[in-house]
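The values are calculated or read from the model by the stated rules, or taken from the named source; none is laboratory data. A quick note: this is a predicted structure, and the numbers were derived from the prediction, not measured. Note: ideal-geometry Cβ built from the backbone for every residue, glycine included; neighbour counts use all protein chains shown.
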Amino acid sequence: MSYKIPMGPYHPALEEPYKLDLICDGETVCDAKLHIGFNFRGIEHLAETRNYVQVIALMERVCGICSNIHTLTLCQAMEGLTGMTPPPRAQYIRVVVAELERLHSHVLWAGIAAKLMGFKTMFMTCFELREKVMDVLQAISGNRVNYSMNRVGGVNRDIDDPQAVLRMVEALEAEMLRTVIPIFTTSSTARSRCAGIGVLTLEKALSCGVVGPTARASGLPQDLRRAAPYAAYSELEFDVPVQQDGDVRARLLVRALEIMETCKILRQALTKLPPGELFAGDGKFDFTKLVTTTSTSRVEAPRGEVMYSVSWKENSRNPSRVHVRTPTFANMPAVRWMVMGARLADTPLIQASIDPCYSCTDR
Amino acid sequence: MTLLESIPEKLGITASMVDKGGVHWLEPGAMTVRELSAAMNAVKARFITITAYQLPKDEGFRLEYHWDLDGQLLGFPFVLAGKSIESIYDQCEAVDWIEREIHEGFGIDFTGREYEPLLLRQGDTPGVNLREEAK
């Protein structure tokens, strides 16, 4: 006899409020229904009531983890409206902040995954490391969550001493290599808890349109930093880790390897940081010259592709429409296929393996 | 000819592609959204999203369908005189949530599919979030 087990919207296994209705036969999950909307704030509507300065601050608050990515994508779309091109130094600073954000997001996820595996010591280690990444972000921006780095045409703040930031990044990299990476890639605990569970086949990954590490763990080598480079990514060398198994361990490995690639990108960006201005022209977004038009921008956030479509009416101070497509919005429907046939006890880890963010998803 | 350049020919569209605002736009002409979706599946394009706009006065809505083809973003605008369009959910599983979200945000019906609430809670009405008349 099958029965339904509701998980959420408030549940110890879930980091944010959402709901999984699990249809089970004994301890085996036969099907699942997902319910979101518990963090819905109407941000797309609110954006239409904010002017060209306020809307950047608003969109930074879509997500508390990848806040910088949202302003980066929005600013790139607004730059597309006006034809502004940020100067090279600003492009490199955008890369540095985006990669530091990826680093702290992946380490945060690693900590949560460790907790769900029952590996509490690892959880503490990851969160200690994440604090150090946030210290670097604070040293650059003065902030720990909403960095306010991006503006239309460039960035708000400089990196005054790239060598000091580089030393912090190298210390972090050494610590990751000593603790997080070996444990996640070689430990038998991680392998036994994650291998073979929550499988998303390549075929299903394609049909569900999943993005980011979730897609790359199912054998899809898609990464916008490589496929459609933005900021200064076209000038930097890095690999795109891809795994074929599609299970929780593959998603774990992809993120662990991405941490190392992120360190590689940071080292290059901080070393090559070109001199020059922080923003283009006088740094003003001249809405009076805009004709009614739409611009779109995509970036590779820690969880996958983010896309903004921004529409502006002639002579308006406010956008007429801001549409945000976030990675979890694309990835979460695939969780239904990942949990089918899984043990009930594995579902918290499986749903966490896509690194879901419901603040982004609900907006 | 690249795969991207061959898209108008593959779709049987005479209009040329316009590169604007970060998107390769192609007017679908007489092509239906279901025909477009089948063609995008055939070239193994990856569905990204649909962006909906309410047009001024009573001109209806514009839905912009986006697919990714080898890192290039394709855009196909469809103007709806009424407030319904065929669903492509049975052809492209990835549209499920965005069709539901647009249905709830703008009150647009995607015909040929069933809905379950996505963002709205019990008692809410579709169209309450983003329709002009509801603001």
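Computed values, structure above
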{"item": "Segment A:280-319, residues that are among the basic types (Lys, Arg) and within 24 Å of B:GLY75 (Cβ to Cβ)", "result": "A:LYS289, A:ARG298, A:ARG303, A:LYS313"}
{"item": "Condition broken by A:PRO275, with the remaining ones in (1) more than 14 Å from chain B (Cβ to nearest Cβ); (2) under 24 Å from A:THR347 (Cβ atoms); (3) touching a residue at least 12 places away in the same chain (Cβ under 8 Å) satisfied", "result": "(2)"}
{"item": "Subset tally (residues that are within 21 Å of A:ALA98 (Cβ to Cβ) and part of a loop (DSSP other than H, G, I, E, B)) for segment A:235-284", "result": "15"}
{"item": "Residues of segment A:174-210 classified as in contact with a Leu (Cβ under 9 Å, 6 or more places away or on another chain) and aliphatic (A, V, I, L, M), total", "result": "9"}
{"item": "Index of the failed condition, B:MET40 passing every other in (1) among the hydrophobic types (A, V, I, L, M, F, W, C); (2) surrounded by 21 or more Cβ atoms within 10 Å (Cβ to Cβ); (3) assigned to a strand (DSSP E or B)", "result": "(3)"}
{"item": "Segment A:22-56: number of residues that are more than 26 Å from A:LEU72 (Cα to Cα) and more than 11 Å from chain B (Cβ to nearest Cβ)", "result": "11"}
{"item": "Residues being part of a loop (DSSP other than H, G, I, E, B), within 14 Å of chain B (Cβ to nearest Cβ) and either among the β-branched types (Val, Ile, Thr) or farther than 17 Å from A:ALA330 by Cβ (or both) - total across segment A:192-218", "result": "3"}
{"item": "Filtered residues of segment A:149-166 (kept if closer than 18 Å to A:GLN54 by Cβ and in a loop (DSSP other than H, G, I, E, B))", "result": "A:MET149, A:VAL152, A:GLY153, A:ASN156"}
{"item": "Subset of segment B:19-32 (residues that are aliphatic (A, V, I, L, M) and either within 12 Å of another protein chain (Cβ to nearest Cβ) or at positive phi (or both))", "result": "B:VAL23"}
{"item": "Only listed residue being modelled with pLDDT under 80, surrounded by fewer than 16 Cβ atoms within 10 Å (Cβ to Cβ) and either under 30 Å from A:LEU202 (Cβ atoms) or in contact with a His (Cβ under 9 Å, 6 or more places away or on another chain) (or both), chosen from B:LEU3, B:LEU11", "result": "B:LEU3"}
{"item": "Hits in segment A:308-363 (condition: at pLDDT below 90, among the polar types (S, T, N, Q), part of a loop (DSSP other than H, G, I, E, B) and under 29 Å from A:LEU252 (Cβ atoms))", "result": "A:SER353"}
{"item": "Sole residue being within 14 Å of chain A (Cβ to nearest Cβ) and over 12 Å from the mean Cα position of the chain (by Cα), chosen from B:GLY71, B:GLY112, B:GLY60", "result": "B:GLY71"}
{"item": "Count - residues of segment A:131-148 that are assigned to a helix (DSSP H, G or I) and more than 14 Å from A:CYS66 (Cβ to Cβ)", "result": "8"}
{"item": "Filter result (of a type in the set (Lys, Arg) and more than 24 Å from A:GLU48 (Cα to Cα)) within segment A:266-310", "result": "A:ARG267, A:LYS272, A:ARG303"}
{"item": "First in segment B:1-12 and in contact (Cβ under 8 Å) with a residue 60 or more places away in the chain, second anywhere and surrounded by fewer than 16 Cβ atoms within 10 Å (Cβ to Cβ), Cβ under 7 Å, 6 or more apart", "result": "B:LEU3/B:ASP70"}
{"item": "Any strands (runs of 3 or more DSSP E) falling wholly within segment A:1-114 and containing at least 1 residues that are under 25 Å from A:ARG249 (Cα atoms) and modelled with pLDDT of 90 or more", "result": "A:19-25, A:28-35"}
{"item": "Residue selected from segment B:39-57 under the condition within 14 Å of chain A (Cβ to nearest Cβ) and among the aliphatic types (A, V, I, L, M), by the criterion nearest to A:GLU300 (Cα to Cα)", "result": "B:ILE48"}
{"item": "Unique match (being over 17 Å from the mean Cα position of the chain (by Cα), more than 22 Å from B:GLY105 (Cβ to Cβ) and away from chain A (no Cβ under 14 Å)) among B:GLU35, B:GLU9", "result": "B:GLU9"}
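Conditions tested, residue by residue: (1) in contact with a Pro (Cβ under 8 Å, 6 or more places away or on another chain); (2) acidic (Asp, Glu).
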position: A:SER234; (1), (2): no, no
position: A:ASP239; (1), (2): no, yes
position: A:VAL248; (1), (2): no, no
position: A:LEU253; (1), (2): yes, no
position: A:ALA256; (1), (2): no, no
position: A:LYS264; (1), (2): no, no
position: A:GLN268; (1), (2): no, no
position: A:LYS272; (1), (2): no, no
